[in-house]
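These notes concern the structure reproduced below.
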DNA sequence: TATATTCATGAAAATTTTAGCATAAAAGCG
DNA sequence: CGCTTTTATGCTAAAATTTTCATGAATATA
C-alpha cells in the first residue's frame, strides 16, 4: 500500500459504510469510492459481503438500508396502524343522535368499520364504499348522496351533489384530505373541491382525520383555510413536534 | 458530504413513488418526472414495474393507489355459471349511447363486470355496489341515485329516489327480481317495490334477467304484470319447457 | 373531429457489474 | 530470512443494466 497513514482495513471500511447507510439510508458506490479512496470494485465487494450478511440491501449503483425494504414490503393497507389510531380517536367525538356528513377515503373507511354497535347516528355520505360499510351497522341511518360517480376517487360529484348537500344541516362533517399545510387544506381534483366546500358549509363543525404524513403538503386547489378546522386528528400526540405549528391554527387537536 | 442529491437509486425512486401514491391516492407521470428529475420514460417504466408487482394500479398518465381499486372481490355468487350466461345474453341488448337504468342484485353485478370496454353508455343505478363496479369501466357514465340505503338489499330507497327516477327518461331498465310467475313480478319489500315501479315508468323498455329458479314463485307485493315485460332473459333456452308458458306473455324471450 | 398527451418500442448512450488476471501486501512455514 | 500461499486490491474488457431519445401508435381532451 502506498501510504500507511491513509490505508484502512477492510473491516474499518465496512464499518464506515454501515455508518453511512444508517445515516443516510443509502450509499452510492461511486461516492464511497471517492470518500474512501479505493476502487469501486473494492466498494462493490464490500457491499456484496455486507449484503450477504444481511446488513444492507444491495442495488444497482450502491446499497440501501434494510428499513427501506421493510417499508417497501408493507403496502396492503398503507399506514394501517396509524389509521386505526385515528379512527379510535375520531369515534370518541360521535354522540347519539348526531347527523354526520362524510367524504370517502381509506381513513374514513377505518372509522366506518369500527363504529360502535350501540351508536345511533345518521350518516350522509358521497362515498358508495363508505355507505356500504356503514350499512352493516344495525342502528346507523345511511343516506347516500347521489350524483355522478367519479371514476378516480369513487365518490359522487357534480352540481346535484352540491345542491343536495346544501339542503342538509349536519352536526359534524368528517373530511378526508389529500394535502394540508399551515395555510389550508388542498386537493388535486377540482370537482371534489366543490363538493368538499359544500360539505364544510353544511356542517356546524369540521373534523379532519389524517395521517401526519399528509401535513405540510400542498396540492393544486384550495379547499378551505386551516384556521376553519374545528378538530384535527392524527396518529401523533398533540405534543409532537410536527403538530406544534398547527396548535395555534386549529381549535382542537387530538 | 457523500450523498449526491442528483442521483437516485431505482429502488429509492420507486419507494418515493409508492409513498406519494399512498399519500395522495394518485400520481401523474409528469409530476413525478419533474419531482425526481428523470425522464417520463423512466417513471413509466417504474410504474409498470410496480404495477406488475401489484403495488399500484397503472392508468393513463399516471397511477392510482391499490386500495381504491379493490372494491371487494367476490366470486362466491350463487348460481355463478347461470348468471354468467344471463349476463352475456343481456349485454347483447346494449347499444352505444343508451341510457340504462338498473337495480341491484348479483345478476346485475355479473352484467356490470362484463360490460365491453368499447361500449359508451350512461347508467343510472340505485345500487352502490353496481355503481362501483361500473365505475371501473372507462367509457361508462355512472350516476348513482341517492337516497336512504336499505340495510338488507343495499340499494337506495325512499321518496327522494322515486322522485329522482321520475326525472329520468331511460332507454331500458334492467330489473333484478325476487319472484315472478305468469301473473306478474313480485317482491317482499314494499319500499323497493315503489322504487322498481318508478324505474319501470321511467324507461321505454323493461328487461328482466333472472335465473329460472325464480320463475313461478310469488311474493307479497306486486311490482308489475308479466305482460309488461319487454324482454325476459334466463340461463335456459327459450325452447325449454319452463319457459314455454311465458312465451305468450312476454314480448321477447332470450 | 382535430389537437394534444401519453404510450410502446427499439436503438443509442451512459453507467454498473462481472470475471479474469496481475500486482502487492500479509501470513505461514521450514 | 527466503519461499510459498493466502488475501486484498486494482485494472481491463465484455456483459448486463439503466436511462434517454426518437418515432409512430394509441389515447385523452376540447
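The values are calculated or read from the model by the stated rules, or taken from the named source; none is laboratory data. Please read all numbers here as calculations on a predicted model, not as lab measurements. When we count neighbours, we look across all protein chains shown, and the Cβ atoms used for this are built from the backbone with ideal geometry, even at glycine.
Brief remarks on what is shown
- In the range A:148-157, the condition of being within 11 Å of another protein chain (Cβ to nearest Cβ), touching a residue at least 60 places away in the same chain (Cβ under 8 Å) and crowded, with 23+ Cβ neighbours inside 10 Å is met by no residue.
- Criterion violated by residue A:138 - all others in (1) at pLDDT below 90; (2) touching a helix residue (DSSP H, G or I) at 6+ places or on another chain (Cβ under 9 Å); (3) assigned to a loop (DSSP other than H, G, I, E, B) satisfied: (2)
- Lone unmet requirement of (1) within 20 Å of the chain's Cα centre (by Cα); (2) buried (at least 18 other Cβ atoms within 10 Å of the Cβ) for residue B:169: (2)
- Boolean, residue A:174 is under 26 Å from residue A:92 (Cα atoms), surrounded by 19 or more Cβ atoms within 10 Å (Cβ to Cβ) and out of contact with any helix residue (DSSP H, G or I) (no Cβ under 7 Å at 6 or more places or on another chain): no
- Candidates in the range A:30-60 are the residues that are crowded, with 16+ Cβ neighbours inside 10 Å and under 30 Å from the mean Cα position of the chain (by Cα); of these, the one that is farthest from DNA strand C (Cβ to nearest atom) is A:55.
- Residue match in the range A:196-210 (condition: out of contact with any helix residue (DSSP H, G or I) (no Cβ under 6 Å at 6 or more places or on another chain), at pLDDT below 95 and within 11 Å of chain B (Cβ to nearest Cβ)): yes
- The range B:29-66: number of residues that are touching a residue at least 12 places away in the same chain (Cβ under 8 Å), part of a loop (DSSP other than H, G, I, E, B) and within 13 Å of DNA strand D (Cβ to nearest atom): 3
- Residue check, residue A:224 in contact (Cβ under 8 Å) with a residue 40 or more places away in the chain and either assigned by TED's automatic domain parsing to the domain that holds residue A:98 or surrounded by 17 or more Cβ atoms within 10 Å (Cβ to Cβ) (or both): yes
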